[in-house]
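Read-outs: derived from the displayed coordinates by stated rules, not from any lab. The structure displayed is predicted, hence computed values, not measured ones.
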Amino acid sequence: MQQYNIKAILFDLDGTLADTAPDLVHALNLSLLESGLPSTDYHKVCHAVTHGSLALVKAAQPQLAESQQKQLQQALLRHYTHINGHKSILYPKMAELLDHLDSVGMPYGVVTNKHASFARPLVAKLGLTHRLKSLISGDSTIHPKPHKAPMLLAAQQLNTLPKHILYLGDAERDIVAANNANMIAGAAHWGYLSATDSPTSWPADLHFASSESLYEYIFKAVKSI
């Protein structure tokens, strides 16, 4: 795998740094039952988590009118406020990866399209609030990903040139966002991918089959900064 001059790392949150689907699908099912609709199977909808709460509702209830889907979305977000982070965990080897970055003094952060009202409590539950050098949410800039604005804001906060930042994400828009910002784009194949997703076709500089393989790559590539 090609080596790059990496001086900082940015992660997408849901489906890349942390497995957050259990909480989101639970909130979805609470909203469905509250509306008199049947709960949905986790594996049927978890792939939609990376695309946001409305996409999650549409995956569960594609036949509903848009107005009903938006009502369910609001109910989902209301329930999610209370259970956000309860069952969310870092992916395998991510804790060790962050420990390694801390040990060599490499800054890292998160750029997510999740709004700050959900992203910040989740990061706190994961114990990362004081470790991240940047936390950019979907409402931190006028334009969310795939626009370059949130990426460049994160680069400023990391005090690192974009060309030396590895950005990891599990959706094609993450890769496009990294390209738009002239960052090193890393595709996280372990994320919330649907049957129609083809991450190997995304315009990424690096492809990682698992979070463990990412750890191995970074551990070998990053010894100091």
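Normalised by residue count, the chain yields a Cα convex hull volume of 112 Å³ per residue.
For region 21-83, count all C-alpha to C-alpha pairs, find those more than 14 Å apart, and express that count as a whole percent of the total.
Details: 885 of 1953 pairs.
Distances greater than 14 Å cover 45 percent of the Cα pairs.
Lysine pair count for region 1-111 with Cα-Cα distance under 23 Å and sequence separation of 8 or more or different chains is 6. If the chain linking Ser39 and Val104 were pulled fully straight, counting 0.36 nm for each residue of separation and taking away their Cα-Cα distance, it would gain 18.8 nm. Debye sum, Cα scatterers, region 135-225, no solvent: what log₁₀ I/I(0) at q = 0.15, 0.20, 0.21, 0.22 1/Å? Rounded to two decimals, the profile gives -0.58, -0.99, -1.07, -1.14.
Counting every pair of alpha carbons in region 1-128, the share spaced more than 23 Å apart comes to 37 percent.
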